[in-house]
1. What is the number of the single condition among (1) touching a helix residue (DSSP H, G or I) at 6+ places or on another chain (Cβ under 7 Å); (2) at pLDDT 60 or above; (3) open to solvent by less than 100 Å² (accessible area, probe 1.4 Å) that Ala28 does not meet?
2. Asp54 - would you say it is open to solvent by less than 100 Å² (accessible area, probe 1.4 Å) and of a type in the set (D, E, K, R)?
Amino acid sequence: MTTISQTSERSLRPSSSGGFFRALANVAYALFDRLEHRSAVKTLNELDDRALRDIGITRSQIEDAVYGQVKAELTRYL
C-alpha cells in the first residue's frame, strides 16, 4: 500500500532536461541526415551520364532521388 501512495505522489510529467536532450538528439539526427544527403548528391553528380542511366536516373533527377521524391516514371522500376 505504501508503494501505491508513493507512486501516486510523483509527477508523471517528463523532466525538462529529458526534453532538452531529446530535442538536441533530434537536431543531431537531422544534421547527420542533411550531411548524408549532401554527400549522396555530390557522389551522384560526380558520375558520368552513362552510369546515371544505368542507375535509372538523369542528372536532373539526382536531388529528387536522394531526397525521396522519386518521380512516377521511376517508381515502376522499384
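1. With respect to (1) touching a helix residue (DSSP H, G or I) at 6+ places or on another chain (Cβ under 7 Å); (2) at pLDDT 60 or above; (3) open to solvent by less than 100 Å² (accessible area, probe 1.4 Å), Ala28 is out only on (1).
2. So Asp54 does not fit the description; no.
Rundown of residues vs (1) charged (D, E, K, R); (2) at pLDDT below 95; (3) open to solvent by 60 Å² or more (accessible area, probe 1.4 Å), yes/no style:
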position: Met1; (1), (2), (3): no, yes, yes
position: Ile4; (1), (2), (3): no, yes, yes
position: Arg22; (1), (2), (3): yes, yes, yes
position: Lys42; (1), (2), (3): yes, no, yes
position: Glu63; (1), (2), (3): yes, yes, yes
position: Tyr67; (1), (2), (3): no, yes, yes
position: Val70; (1), (2), (3): no, yes, no
position: Tyr77; (1), (2), (3): no, yes, yes
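The values are calculated or read from the model by the stated rules, or taken from the named source; none is laboratory data. Because the structure is a prediction, the values reported are computed rather than measured. Neighbour counts are summed over all protein chains in view; Cβ atoms, including those assigned to glycine, are modelled from backbone coordinates with ideal geometry. Surface accessibility is based on the protein's heavy atoms, side chains included, excluding ligands, DNA and RNA. Shrake-Rupley method; radii C 1.70, N 1.55, O 1.52, S 1.80 Å.
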